1. Which ones in the range 127-138 are surrounded by fewer than 18 Cβ atoms within 10 Å (Cβ to Cβ) and either within 15 Å of the chain's Cα centre (by Cα) or among the aliphatic types (A, V, I, L, M) (or both)?
2. Has the range 94-101 got at least one residue that is outside any helix (DSSP H, G or I), in contact with a helix residue (DSSP H, G or I) (Cβ under 9 Å, 6 or more places away or on another chain) and under 17 Å from S28 (Cα atoms)?
3. Looking at the range 128-149, I want the residues that are within 20 Å of H63 (Cβ to Cβ) and touching a residue at least 24 places away in the same chain (Cβ under 8 Å) and have a partner that is aromatic (F, W, Y) and in a helix (DSSP H, G or I) with Cβ atoms under 8 Å, at least 6 apart or on another chain. Which pairs are those?
4. Taking the range 130-161 only, how many residues are outside any loop (DSSP other than H, G, I, E, B) and closer than 13 Å to A26 by Cα?
5. Taking Y5 as meeting all but one of (1) over 20 Å from H156 (Cβ atoms); (2) of a type in the set (F, W, Y); (3) modelled with pLDDT of 90 or more, write down the number of the exception.
6. State whether one or more residues within the range 39-53 are surrounded by fewer than 15 Cβ atoms within 10 Å (Cβ to Cβ), β-branched (V, I, T) and at pLDDT below 85.
7. What residue, of V117, V170, V175, is exposed (fewer than 12 other Cβ atoms within 10 Å of the Cβ) and either in contact with a strand residue (DSSP E or B) (Cβ under 7 Å, 6 or more places away or on another chain) or part of a helix (DSSP H, G or I) (or both)?
8. Tell me, which helices (runs of 4 or more DSSP H) wholly within the range 1-77 include 1 or more residues that are under 23 Å from A105 (Cα atoms)?
Amino acid sequence: MSLAYLLAKVSGKLFKVRFNVPVILALSVIPDIDIIIGLLIFIPFFMLYRRKAIPYFVALLSHSLIADFLVGGQLQLLWPITAHEFGITELGFPYINIYNPINIALEFALFVIAIIVMLKTRDLFHFFRNSRIALVLAIPVFTILLYVPIALIIPHVFYLILFSISNLVVIKGFVKNSIQY
(Lines give C-alpha, C1' and ligand atoms only; values in the text may rest on other atoms or scores of the structure.)
Protein backbone atom coordinates (compact mmCIF):
# COMPACT_ATOMS: atom_id res chain seq x y z
CA MET A 1 0.00 0.00 0.00
CA SER A 2 2.76 2.42 0.88
CA LEU A 3 4.49 1.78 -2.42
CA ALA A 4 1.24 2.30 -4.36
CA TYR A 5 0.62 5.57 -2.56
CA LEU A 6 4.14 6.84 -3.25
CA LEU A 7 4.01 5.81 -6.93
CA ALA A 8 0.58 7.41 -7.33
CA LYS A 9 1.91 10.56 -5.68
CA VAL A 10 4.87 10.71 -8.09
CA SER A 11 2.77 9.98 -11.18
CA GLY A 12 0.11 12.45 -10.03
CA LYS A 13 2.77 15.12 -9.65
CA LEU A 14 4.35 14.30 -13.03
CA PHE A 15 1.03 14.46 -14.87
CA LYS A 16 -0.46 17.23 -12.69
CA VAL A 17 -3.31 15.01 -11.53
CA ARG A 18 -5.04 14.91 -8.15
CA PHE A 19 -6.25 11.52 -6.95
CA ASN A 20 -8.40 9.97 -4.26
CA VAL A 21 -6.08 8.48 -1.63
CA PRO A 22 -8.52 5.83 -0.29
CA VAL A 23 -9.16 4.52 -3.82
CA ILE A 24 -5.41 4.32 -4.47
CA LEU A 25 -4.88 2.26 -1.33
CA ALA A 26 -7.83 -0.01 -2.08
CA LEU A 27 -6.52 -0.66 -5.61
CA SER A 28 -3.12 -1.55 -4.22
CA VAL A 29 -4.38 -4.65 -2.41
CA ILE A 30 -6.36 -6.12 -5.26
CA PRO A 31 -4.85 -9.53 -5.98
CA ASP A 32 -2.11 -9.82 -8.54
CA ILE A 33 -3.13 -8.43 -11.86
CA ASP A 34 -1.13 -8.98 -15.00
CA ILE A 35 -0.02 -6.14 -17.26
CA ILE A 36 -2.27 -7.23 -20.14
CA ILE A 37 -5.35 -7.67 -17.95
CA GLY A 38 -4.62 -4.36 -16.17
CA LEU A 39 -4.39 -2.54 -19.49
CA LEU A 40 -7.61 -4.12 -20.73
CA ILE A 41 -9.42 -3.16 -17.54
CA PHE A 42 -8.11 0.40 -17.68
CA ILE A 43 -8.69 1.13 -21.40
CA PRO A 44 -12.16 2.60 -20.73
CA PHE A 45 -10.78 4.64 -17.83
CA PHE A 46 -7.94 6.00 -19.98
CA MET A 47 -10.41 6.85 -22.73
CA LEU A 48 -12.76 8.58 -20.33
CA TYR A 49 -10.37 10.19 -17.85
CA ARG A 50 -7.12 10.26 -19.85
CA ARG A 51 -4.15 11.17 -17.68
CA LYS A 52 -6.31 11.36 -14.54
CA ALA A 53 -6.42 7.54 -14.63
CA ILE A 54 -2.63 7.17 -14.44
CA PRO A 55 -2.18 7.25 -10.63
CA TYR A 56 -4.93 4.64 -10.23
CA PHE A 57 -3.41 2.42 -12.93
CA VAL A 58 0.03 2.71 -11.30
CA ALA A 59 -1.46 1.81 -7.91
CA LEU A 60 -3.24 -1.21 -9.35
CA LEU A 61 -0.12 -2.57 -11.03
CA SER A 62 2.30 -1.65 -8.23
CA HIS A 63 1.58 -4.85 -6.35
CA SER A 64 2.49 -7.12 -9.26
CA LEU A 65 5.02 -5.10 -11.17
CA ILE A 66 7.18 -4.06 -8.30
CA ALA A 67 6.31 -5.86 -5.10
CA ASP A 68 5.79 -9.38 -6.45
CA PHE A 69 8.57 -8.96 -9.00
CA LEU A 70 11.01 -8.29 -6.15
CA VAL A 71 9.53 -10.45 -3.41
CA GLY A 72 8.68 -13.96 -4.50
CA GLY A 73 9.93 -13.22 -7.96
CA GLN A 74 7.83 -15.57 -10.05
CA LEU A 75 4.76 -14.05 -11.65
CA GLN A 76 3.15 -14.28 -15.04
CA LEU A 77 3.21 -10.59 -15.98
CA LEU A 78 2.12 -11.12 -19.58
CA TRP A 79 -0.57 -13.77 -19.09
CA PRO A 80 -2.65 -14.71 -21.19
CA ILE A 81 -0.14 -14.03 -23.98
CA THR A 82 2.52 -16.13 -22.26
CA ALA A 83 2.69 -18.19 -19.09
CA HIS A 84 6.39 -17.34 -18.70
CA GLU A 85 7.21 -16.33 -15.16
CA PHE A 86 9.19 -13.17 -14.52
CA GLY A 87 10.99 -12.04 -11.42
CA ILE A 88 14.12 -10.63 -9.94
CA THR A 89 15.56 -14.13 -9.59
CA GLU A 90 15.90 -14.24 -13.39
CA LEU A 91 18.33 -11.35 -13.12
CA GLY A 92 20.59 -13.37 -10.84
CA PHE A 93 19.32 -11.99 -7.54
CA PRO A 94 18.49 -14.35 -4.69
CA TYR A 95 14.93 -15.38 -3.87
CA ILE A 96 13.34 -13.06 -1.27
CA ASN A 97 10.21 -14.09 0.58
CA ILE A 98 7.95 -11.86 2.67
CA TYR A 99 9.74 -12.87 5.89
CA ASN A 100 13.19 -11.98 4.55
CA PRO A 101 14.87 -9.11 6.45
CA ILE A 102 15.43 -7.28 3.15
CA ASN A 103 11.69 -7.29 2.43
CA ILE A 104 10.82 -6.29 5.98
CA ALA A 105 13.29 -3.38 5.93
CA LEU A 106 12.04 -2.24 2.52
CA GLU A 107 8.37 -2.40 3.51
CA PHE A 108 8.98 -0.62 6.81
CA ALA A 109 11.00 2.12 5.08
CA LEU A 110 8.26 2.59 2.47
CA PHE A 111 5.68 2.81 5.26
CA VAL A 112 7.64 5.52 7.09
CA ILE A 113 8.22 7.48 3.87
CA ALA A 114 4.54 7.20 2.90
CA ILE A 115 3.38 8.46 6.30
CA ILE A 116 5.81 11.39 6.15
CA VAL A 117 4.59 12.29 2.65
CA MET A 118 0.94 11.92 3.73
CA LEU A 119 1.54 14.27 6.65
CA LYS A 120 3.50 16.84 4.63
CA THR A 121 0.92 16.90 1.82
CA ARG A 122 -2.02 16.64 4.24
CA ASP A 123 -3.25 13.53 2.41
CA LEU A 124 -3.62 11.82 5.78
CA PHE A 125 -6.62 14.06 6.52
CA HIS A 126 -8.57 12.48 3.62
CA PHE A 127 -9.27 9.59 5.96
CA PHE A 128 -11.17 11.75 8.44
CA ARG A 129 -13.65 13.25 5.99
CA ASN A 130 -17.20 12.04 5.64
CA SER A 131 -16.91 10.87 2.04
CA ARG A 132 -18.71 7.76 0.81
CA ILE A 133 -15.79 6.87 -1.46
CA ALA A 134 -13.80 6.12 1.71
CA LEU A 135 -15.90 2.98 2.09
CA VAL A 136 -13.59 1.36 -0.50
CA LEU A 137 -11.18 1.08 2.43
CA ALA A 138 -13.27 -1.86 3.64
CA ILE A 139 -11.39 -3.87 0.99
CA PRO A 140 -7.93 -3.45 2.55
CA VAL A 141 -9.35 -3.73 6.08
CA PHE A 142 -10.11 -7.39 5.31
CA THR A 143 -6.78 -8.10 3.62
CA ILE A 144 -4.42 -6.07 5.77
CA LEU A 145 -3.64 -8.71 8.38
CA LEU A 146 -3.05 -11.59 5.99
CA TYR A 147 0.49 -12.97 5.87
CA VAL A 148 1.99 -10.33 8.12
CA PRO A 149 5.51 -10.87 9.38
CA ILE A 150 5.58 -9.94 13.07
CA ALA A 151 8.18 -7.24 12.32
CA LEU A 152 5.61 -5.48 10.10
CA ILE A 153 2.73 -5.57 12.54
CA ILE A 154 3.07 -1.83 13.36
CA PRO A 155 2.45 -0.60 9.78
CA HIS A 156 -0.39 -3.07 9.33
CA VAL A 157 -2.11 -2.13 12.59
CA PHE A 158 -1.64 1.57 11.78
CA TYR A 159 -3.36 1.13 8.40
CA LEU A 160 -6.05 -1.06 9.97
CA ILE A 161 -6.86 1.63 12.55
CA LEU A 162 -6.71 4.42 9.96
CA PHE A 163 -9.03 2.61 7.53
CA SER A 164 -11.41 1.61 10.32
CA ILE A 165 -11.65 5.20 11.55
CA SER A 166 -12.30 6.35 7.99
CA ASN A 167 -15.12 3.84 7.60
CA LEU A 168 -16.58 4.76 11.01
CA VAL A 169 -16.62 8.46 10.04
CA VAL A 170 -18.69 7.60 6.96
CA ILE A 171 -21.00 5.26 8.90
CA LYS A 172 -21.49 7.97 11.55
CA GLY A 173 -22.49 10.35 8.75
CA PHE A 174 -25.04 7.85 7.43
CA VAL A 175 -26.51 7.34 10.88
CA LYS A 176 -26.63 11.09 11.58
CA ASN A 177 -28.39 11.74 8.26
CA SER A 178 -30.89 8.93 8.76
CA ILE A 179 -31.79 10.21 12.25
CA GLN A 180 -32.45 13.71 10.85
CA TYR A 181 -34.99 12.37 8.36
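1. Hits for the range 127-138 are I133, L135, A138.
2. Within the range 94-101, one or more residues are outside any helix (DSSP H, G or I), in contact with a helix residue (DSSP H, G or I) (Cβ under 9 Å, 6 or more places away or on another chain) and under 17 Å from S28 (Cα atoms).
3. Close Cβ pairs satisfying both conditions: L137/F127; L137/F163; A138/F163; P140/Y159; P140/F163; V141/F163; I144/Y159; I144/F163.
4. Just the residues of the range 130-161 that are outside any loop (DSSP other than H, G, I, E, B), to begin with: 132-143, 150-161.
Then keep just the ones that are closer than 13 Å to A26 by Cα; that gives 133-143, 159-160.
Here the count works out to 13.
5. Unmet for Y5, out of (1) over 20 Å from H156 (Cβ atoms); (2) of a type in the set (F, W, Y); (3) modelled with pLDDT of 90 or more: (1).
6. Yes, that holds for at least one residue.
7. Matching residue, one of V117, V170, V175: V175.
8. The helices (runs of 4 or more DSSP H) meeting that bar are 2-14, 21-28, 54-62.
The values are calculated or read from the model by the stated rules, or taken from the named source; none is laboratory data. Since we're looking at a predicted model, the values are computed, not measured. With ideal geometry, Cβ positions are generated from the backbone for all residues, glycine too; neighbour counts draw on all protein chains shown.
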